[in-house]
């Protein structure tokens, strides 16, 4: 009788141990987005210049949405590349939009001045936009085509070449099979 209990206990615990071991092999920083290929969640954001922007107002354009914070090391690393890409694309029916999350207003405005960021930026004060987009960390970037569909998500710094390629794919309405990952690795 005691060996039956031991066998039953072992058969119940073994699958749980396997599941736990499998979970340790997965990188928790990269959570696949179910939004790729779907309509982008609509939002309204108050920009740092005091204007309000609604995603639906810029439908018909390619939209590059970047979630960032001033304390984020990779956000600081990508800031100059994003501004350079914006300068190259701003007259080509493309809108860049920065969404600042989990940050203080003073720190965010200082960041924008430090890196001379000229594309529209606003704060997600409630965290609702980040939640709707499934943002797990910063930086995370979404490319939205002219019909409002998310064509690509990039976790980490996308780099200038990736930005140009994914903007062109969004222009053509091509949806990426999977999301991209930056090369930055946290020390944690």
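The values are calculated or read from the model by the stated rules, or taken from the named source; none is laboratory data. Predicted, not measured: the structure shown is a model, and the values here were computed from it. Every residue, glycine as well, gets a Cβ built from its backbone with ideal geometry; the counts of neighbours run over all protein chains shown.
Between 88, 80, 104, the distinction of being under 13 Å from residue 157 (Cα atoms) and over 14 Å from the mean Cα position of the chain (by Cα) belongs to 80 only. Of the residues making up the range 20-56, those that are modelled with pLDDT under 70 and surrounded by 10 or more Cβ atoms within 10 Å (Cβ to Cβ) are 29, 30, 31.
Would you check which residues across the range 164-183 are at pLDDT 95 or above and either crowded, with 19+ Cβ neighbours inside 10 Å or part of a loop (DSSP other than H, G, I, E, B) (or both) and list them? Step through it out loud before you land on a result.
Kept after step one, since they are at pLDDT 95 or above, are these residues of the range 164-183: 164-172.
Passing the criteria: 166, 167, 170.
Out of 122, 156, report the one residue that is modelled with pLDDT under 95, crowded, with 19+ Cβ neighbours inside 10 Å and in contact with a strand residue (DSSP E or B) (Cβ under 6 Å, 6 or more places away or on another chain).
Numbers: 122 fails: modelled with pLDDT under 95.
Result of the check over 122, 156: 156.
This table checks each residue for (1) surrounded by 13 or more Cβ atoms within 10 Å (Cβ to Cβ); (2) within 25 Å of residue 57 (Cβ to Cβ).
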residue: 114; (1), (2): no, no
residue: 135; (1), (2): yes, yes
residue: 146; (1), (2): yes, yes
residue: 162; (1), (2): yes, no
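Of all residues in the range 136-160, those satisfying the criterion of being closer than 20 Å to residue 76 by Cβ, assigned to a loop (DSSP other than H, G, I, E, B) and touching a helix residue (DSSP H, G or I) at 6+ places or on another chain (Cβ under 8 Å) are 138, 139, 156, 157, 158, 159. Exactly one residue out of 106, 83, 114 is without any contact (Cβ under 8 Å) to a residue 40 or more places away in the chain and over 25 Å from residue 162 (Cα atoms): that is 106. In this structure, residue 132 does not qualify as in contact with a helix residue (DSSP H, G or I) (Cβ under 6 Å, 6 or more places away or on another chain) and under 28 Å from residue 172 (Cβ atoms).
Filter the range 125-135 down to the residues that are in contact with a strand residue (DSSP E or B) (Cβ under 9 Å, 6 or more places away or on another chain) and in a loop (DSSP other than H, G, I, E, B) and list them by number. Walk me through how you get there before you give the answer.
The initial filter retains those residues of the range 125-135 that are in contact with a strand residue (DSSP E or B) (Cβ under 9 Å, 6 or more places away or on another chain), namely 125, 129-130, 133-135.
The answer is 125, 134, 135.
Scanning the range 82-112 for residues that are assigned to a loop (DSSP other than H, G, I, E, B), in contact with a strand residue (DSSP E or B) (Cβ under 9 Å, 6 or more places away or on another chain) and closer than 20 Å to residue 60 by Cα turns up 90, 92, 93.
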